[in-house]
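**Q** Sharing a structure below in C-alpha cells format, with a few things to ask.
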Amino acid sequence: MGLWDNFKGKAEEMNEGLQKNIGKFKNQKFSDASMAMCALVAAADGDIDASERKKTAAFIMSNESLQVFDAADLKVKFDFYCDKLIADFDFGRIDAIQAIGKLKGKDDQARACIQLGIVIGGADGDFDADEKKAVKDACLAVGINPSDFDV
C-alpha cells in the first residue's frame, strides 16, 4: 500500500469518526473553530483563490459530519475567516488559531476539529506541507501533540 493510499484510508476513518461525534459537539465554539480550521487549511499556502475557496465551501456543505449545523451559519463563518486571511494573512491566521484555541481543554472537540482540517487538507488528493503546518499549528493551539495526527 502506497503512502497516499495509507493517508487516504486514515482520512476516511477520520471522516467516519467525525460523522459519529460532531453531533454531540453542536455548539458555537466548535462551529467557529471548525470553520476557522477549514479556512486556515484552504489558505495554508498564504493565498486562497476563488476556486479553492469554492471547493472548500462545497466540501463543507456536502460533508455529512457538518450537517448538524445550519449551512448558512457555516458559510458566514467560513467566509469571515477566509476574508480575514485574504485581507492580511498573518493577522487572519492569528484570528483563526485563536478560534481553534478556544477548544483547548475540550479534547474530544479539539481532536474532531483537527480531524476536519486533515480531511479538508486531503480532499483534493494532496495533503501538502503547508496544510500539514496549518494542522500542526492548530494542534499546538489546543494542546495536542501533532504527532498524534502524524503532522
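Computed from the coordinates by the stated procedures, all read-outs in this text should not be read as laboratory data. Computed from a prediction, not measured in an experiment: that's the story for all the values here. Cβ atoms come from the backbone with ideal geometry, glycine included; neighbour counts cover every protein chain shown.
**Q** If I model a spin label at Ser62 and Val76 as a point 7 Å from the Cα along the Cα→Cβ vector, what separation in nanometres do I get?
**A** Here the modelled spin labels are 2.6 nm apart.
**Q** Between the alpha-carbon centers of segment 132-151 and segment 48-89, tell me the distance in whole angstrom.
**A** 21 Å
**Q** Still on this structure, I have one more. Quote to one decimal, in nm, the extra length available between Asp150 and Asp47 on full extension: 0.36 nm per residue of separation minus the C-alpha distance between them.
**A** Contour length minus the Cα-Cα distance gives 34.7 nm.
**Q** To continue, here is another question. Can you list which of the trypsin sites (Lys or Arg not before Pro) found in segment 23-72 are DSSP loop residues with at most 12 other C-beta atoms within 10 Å?
**A** Lys26
**Q** If you don't mind, another one. Please report, in debye to the nearest 20, how large the charge dipole of segment 3-149 is about its Cα centre when each Lys and Arg carries +1 at its beta carbon and each Asp and Glu carries -1 there.
**A** It comes to approximately 600 debye.
**Q** Turning to a different aspect of this structure: Run the numbers for Lys104 and Ala87: contour at 0.36 nm per residue of separation, minus the present Cα-Cα distance, in nm.
**A** The Lys104-Ala87 span can extend by a further 3.4 nm.
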